[in-house]
Amino acid sequence: MRNHRTSFILVSSILLVSLTLRAQAEVITLTSDTFSDKIKEKDTAWFVKFCVPWCKHCKNLGTLWDDLGKVMEGEDEIEIGEVDCATSKPVCSKVDIHSYPTFKLFYDGEEVARYQGIRDVESLKTFVLDEAGKAAEKGQLDNDKEL
């Protein structure tokens, strides 16, 4: 009986750790080393939040970005990312970030839209799905012209 209880506790602990890691994985932290390569991924839209730790408006977002990441999980070719402009200043300078938070959508390495709407999960989700769809259509049209 004791072995079963120990096994159960071990399996439960492993499951809890894996679920915790999974819940945190929907939003990908981008850095100076990873940003350019990630946003250039073929046929992939990246919706990126640019913030700094000391910004009260960024702090007021609370779990909004993580919640969006969870809602968007499973959407093909759409990734949710974030950049800490305090530690990745070159990235933020390169993409012209001057206020926080800033939300931008990138597709195939190009900035295609900037979000300035209501800050709730449903509005953000609608925006990213619409804009990513437009960018994908435009990308397909551009590819067809090249053929």
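Things to note:
- Listed by first and then second residue, the pairs linking a residue in region 89-106 that is within 23 Å of GLY117 (Cβ to Cβ) to a residue that is assigned to a helix (DSSP H, G or I) and modelled with pLDDT of 95 or more, with Cβ atoms under 7 Å apart and 6 or more places separating them unless they lie on different chains, are TYR100/HIS57; TYR100/CYS58; PRO101/HIS57; PRO101/CYS58; LEU105/VAL128; LEU105/GLU131; LEU105/ALA132; PHE106/ILE39.
- Output for region 33-81, where each listed residue is in a helix (DSSP H, G or I), without any contact (Cβ under 8 Å) to a residue 40 or more places away in the chain and either surrounded by fewer than 16 Cβ atoms within 10 Å (Cβ to Cβ) or of a type in the set (S, T, N, Q) (or both): ASP37, LYS56, LYS59, ASN60
- Qualifying residue in region 85-95 (condition: surrounded by 11 or more Cβ atoms within 10 Å (Cβ to Cβ), outside any helix (DSSP H, G or I), at pLDDT 95 or above and hydroxyl-bearing (Ser, Thr, Tyr)): yes
- Residue in region 96-107 that is surrounded by the fewest Cβ atoms within 10 Å (Cβ to Cβ), counting only those that are in a strand (DSSP E or B) and hydrophobic (A, V, I, L, M, F, W, C): PHE103
The values are calculated or read from the model by the stated rules, or taken from the named source; none is laboratory data. Model, not experiment: these values are computed from the prediction. A quick note on method: Cβ atoms are made from the backbone with ideal geometry, for glycine too, and the neighbour counts reach across all protein chains shown.
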